[in-house]
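These notes concern the structure reproduced below.
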Amino acid sequence: MTIYKRLQITSYLAFNWFEFYQAITAYLDRALKIEFPLQQSENDPLEDALLFQDKIDLAFICGLPLIHYSQIVSNQFQTLVAPVMQSSRYSNCPVYYADVIANANSNIKKFTDLARKTFCYNDLGSNSGYNLLFHRLVQERYPENFFGKTLESGSHQRSIRWVVEGLSDCAAIDSVVLEQELKDFPELSQHLRVVEVLGPSPMPPLVVAQRLGISLIQQMQLALLQPDAELQRVMKQFGVRRFAAVRLEDYQILNQIYSVGVARRRHRLRAIV
């Protein structure tokens with residue numbers, strides 16, 4: 001059996017949760033006596049050479065690119081756990097939503113008011129920032145030119161700022177990212193209005209390379225299902241109730257949503273920037 005002294009963890013998720021991911025890695029270090037250096041990736045996971053070279057041991061990753069990656073490279077990763085949020089809106093389940101936001105001073109009060117407006121998204125591979133909203137447009141047969149303009153911001157946090165600053169009329173934001181951003185910057189609350197809620201979707205998981213072996217993987221999962229007092233303190237700070245064991249199959253629904261005409265029509269739905 002291989003004894004590991006150091007395992008690399010990469011986060012592909014929003015940076016305003018990085019402190020939480022640091023707390024998880026520090027806890028795994030304490031529990032397993034293994035060093036877990038954490039890095040924030042600037043890459044789309046589907047374009048990260050380190051991922052395709054199997055040089056990442058664990059990753060915090062959105063469910064949609066995880067499913068797409070698993071279709072390209074099968075049997076590389078296994079899902080470990082996903083956070084379950086404290087708020088009652090999450091029903092004690094490992095899920096999140098996409099909150100569609102607009103500027104509070106605008107005349108946008110409901111979903112249909114978004115017609116012909118400027119929409120910004122973090123990236124095309126995002127479930128909450130792009131996939132869920134365009135699935136809604138396809139499902140309800142809205143016209144292909146529903147938005148007057150679309151802009152890529154590069155991150156949920158930047159999308160929030162663009163809506164506040166009037167650079168974009170609306171955006172779809174991961175609900176836990178939005179909630180944390182409003183905790184960190186409460187002054188933003190007065191400038192934003194949630195006009196629609198999409199979801200729920202399965203919460204982005206922590207995944208682990210299967211090559212590490214079933215024994216170590218089980219130790220990691222068991223440790224996270226029984227967090228110590230220090231990790232529980234940070235969990236409470238970020239509004240996390242507990243961790244739940246999740247399976248890769250739990251995320252297949254995201255690919256089904258993605259496949260309902262969205263991928264085929266994406267190039268036509270995007271207005272000229």
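Just so you know, all these numbers are worked out from the coordinates, no wet-lab data involved. On a predicted model such as this, the values are computed, not experimentally measured, just so you know. Methodologically, a virtual Cβ is constructed for each residue, glycine included, from the backbone with ideal geometry; neighbour enumeration extends over all protein chains shown.
A few comments on the model shown:
- Cα gyration tensor shape for segment 182-260, rounded if a/c is under 1.5, else prolate or oblate: oblate
- Length-normalised contact order of the chain in % [C-alpha pairs under 8 Å, at least 6 apart]: 30
- Potential extension, LEU32-ASN92 segment - 0.36 nm per residue separation minus Cα distance: 18.8 nm
- Average Cα contact separation per residue, segment 100-202, under 8 Å, 6 or more apart, as relative contact order %: 44
- Cα-projected label distance for LEU225 with SER106, points at 7 Å along beta-carbon direction, nm: 4.4
- Sites listed here are trypsin sites (Lys or Arg not before Pro) in segment 141-175 whose DSSP assignment is loop and whose Cβ has at most 16 other Cβ atoms within 10 Å: ARG141.
- Here the gap between PHE15 and ASN145, fully extended at 0.36 nm per residue and compared with their Cα-Cα distance, gives a gain of 43.6 nm.
- Axial C-alpha extent at least 18 Å, average Kyte-Doolittle at least -0.5 - helices from the chain (DSSP): 18-32
- Cα gyration tensor shape for segment 133-208, rounded if a/c is under 1.5, else prolate or oblate: oblate
- Shown is the FRET efficiency for GLN218 and VAL197, computed with R0 = 41 Å from the Cβ-Cβ distance and rounded to the nearest 0.05: 0.70.
- Semi-axis lengths, Å, segment 53-118, gyration tensor of Cα atoms, sqrt of 5 times eigenvalues: 34, 19, 10
- CD proxy at 222 nm, helix term only [per DSSP H run n ≥ 4: -39500 (n - 2.57); per residue of the chain; nearest 500]: -10000 deg cm²/dmol
- Shape of the chain, Cα gyration tensor, a/c cut at 1.5: prolate
- Here each label is just a point 7 Å from Cα along the line to Cβ, and for ILE253 and ARG6 those points are 4.0 nm apart.
- Convex hull volume per residue for segment 1-152, taking Cα atoms only, in Å³: 163
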